[in-house]
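Trainee: Okay, here's the structure, questions in a sec.
The values are calculated or read from the model by the stated rules, or taken from the named source; none is laboratory data. This structure is a prediction, so every number in the text was calculated from the model and none was measured. Cβ: placed from backbone, ideal geometry, glycine included. Neighbour counts: every protein chain shown.
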Amino acid sequence: MKQKRTIFYVDDNPKSRRLLAAILEDFGFAVIAASGPLEAVEIARNISFDLALLDYQMPLMSGAQLAEAIKNIVPGAPVVMISGFAAVSTEELDHVDAYHGKGTTLQELLGTIQRLLAANAVTGGQVGQHDIDETRKGQLWSIST
């Protein structure tokens, strides 16, 4: 029996968190969710996960800051960031392996997650290259809630 890959999903919006977690579970992933960055840092220290999926705009700490904290705790874990903003600065993507902005489809997000998980499995935790398409930077995959 194939073991489910675990996604650690952090979003302070409870509706978005429940909806996307349910979608990810429907696609065969195990999901561990956190409602904010401070909770996420604590959880990340105590769990095992294959990929972190982070909202950009959260209270107390941005998704970019949380990505850095997660990379310090679990250096090999791929990090995907999604955002409701039109664009984020390049500096905010330093610790992010993939970014999805406005116009990104669910299929594209799932494809990115699958590619990063596959690359991480092959390289033993060293994703190495950002999956950020300069032409799409600033575009967002979003859920209407």
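Trainee: Select from segment 1-38 the residues that are acidic (Asp, Glu) and in contact (Cβ under 8 Å) with a residue 12 or more places away in the chain and write down the one among them that is surrounded by the fewest Cβ atoms within 10 Å (Cβ to Cβ).
Mentor: Within segment 1-38, the first condition is being acidic (Asp, Glu), and the residues that meet it are 11-12, 25-26.
Those left that are additionally in contact (Cβ under 8 Å) with a residue 12 or more places away in the chain: 11-12.
Details: Asp11: 26, Asp12: 18.
Per the criteria, the residue is Asp12.
Trainee: Just to be sure before I move on: is Gly103 under 17 Å from Arg5 (Cβ atoms) and surrounded by fewer than 14 Cβ atoms within 10 Å (Cβ to Cβ) in the structure I sent? Quick ask: steps written out before the conclusion?
Mentor: Numbers: under 17 Å from Arg5 (Cβ atoms): no; surrounded by fewer than 14 Cβ atoms within 10 Å (Cβ to Cβ): yes.
Answer is no for this residue.
Trainee: Of these, Leu66, Leu54, Leu24, which one is under 14 Å from Ile7 (Cα atoms), in a helix (DSSP H, G or I) and of a type outside the set (D, E, K, R)?
Mentor: Values: Leu66 fails: under 14 Å from Ile7 (Cα atoms); Leu54 fails: in a helix (DSSP H, G or I).
Only one candidate passes the filter, namely Leu24.
Trainee: Another one. Do the conditions hold for Met81, that is, is it surrounded by fewer than 23 Cβ atoms within 10 Å (Cβ to Cβ) and not charged (D, E, K, R)?
Mentor: On the way: surrounded by fewer than 23 Cβ atoms within 10 Å (Cβ to Cβ): no; not charged (D, E, K, R): yes.
No: the conditions fail for Met81.
Trainee: Okay, moving on. Can we say Met1 is modelled with pLDDT under 95, touching a helix residue (DSSP H, G or I) at 6+ places or on another chain (Cβ under 8 Å) and not charged (D, E, K, R)?
Mentor: no
Trainee: Pick out the one residue from Val41, Val88, Val74 that is closer than 18 Å to Arg5 by Cα and either loosely packed, with under 13 Cβ neighbours inside 10 Å or of a type in the set (A, V, I, L, M) (or both). Lay out the reasoning, then the answer.
Mentor: Details: Val41 fails: closer than 18 Å to Arg5 by Cα; Val88 fails: closer than 18 Å to Arg5 by Cα.
Only one candidate qualifies: Val74.
Trainee: Still on this structure, please answer the following. Only one of Leu54, Leu66 is within 12 Å of the chain's Cα centre (by Cα), over 19 Å from Gln114 (Cα atoms) and without any contact (Cβ under 8 Å) to a residue 60 or more places away in the chain. Can you tell me which?
Mentor: Working: Leu54 fails: over 19 Å from Gln114 (Cα atoms).
Checking each option against the conditions leaves just Leu66.
Trainee: Mind listing whichever residues of segment 76-95 are assigned to a loop (DSSP other than H, G, I, E, B), farther than 16 Å from Ala121 by Cβ and in contact with an Asp or Glu (Cβ under 9 Å, 6 or more places away or on another chain)?
Mentor: Filtering segment 76-95 for residues assigned to a loop (DSSP other than H, G, I, E, B) gives 76-78, 83-89, 94-95.
When the remaining residues are screened for being farther than 16 Å from Ala121 by Cβ, the result is 83-89, 94-95.
Once the filter is applied, which keeps residues that are assigned to a loop (DSSP other than H, G, I, E, B), farther than 16 Å from Ala121 by Cβ and in contact with an Asp or Glu (Cβ under 9 Å, 6 or more places away or on another chain), segment 76-95 yields Ser83, Gly84, Asp94, His95.
Trainee: Continuing with the same structure: From the residues in segment 36-51 that are of a type in the set (A, V, I, L, M) and within 14 Å of Phe8 (Cβ to Cβ), which one is nearest to the chain's Cα centre (by Cα)? Let's see the steps before the verdict.
Mentor: Our first condition is that a residue be of a type in the set (A, V, I, L, M); within segment 36-51, this holds for 38, 40-41, 43-44, 47, 51.
Next, from what is left, pick out any that are within 14 Å of Phe8 (Cβ to Cβ): 40-41, 43-44, 47, 51.
Details: Ala40: 12, Val41: 14, Ile43: 15, Ala44: 13, Ile47: 16, Leu51: 7 Å.
Out of the qualifying residues, it is Leu51.
Trainee: Read through the list (1) at pLDDT 90 or above; (2) under 12 Å from Leu51 (Cβ atoms); (3) crowded, with 20+ Cβ neighbours inside 10 Å, then give the number of the only condition that Arg115 fails.
Mentor: Here Arg115 clears every test but (3).
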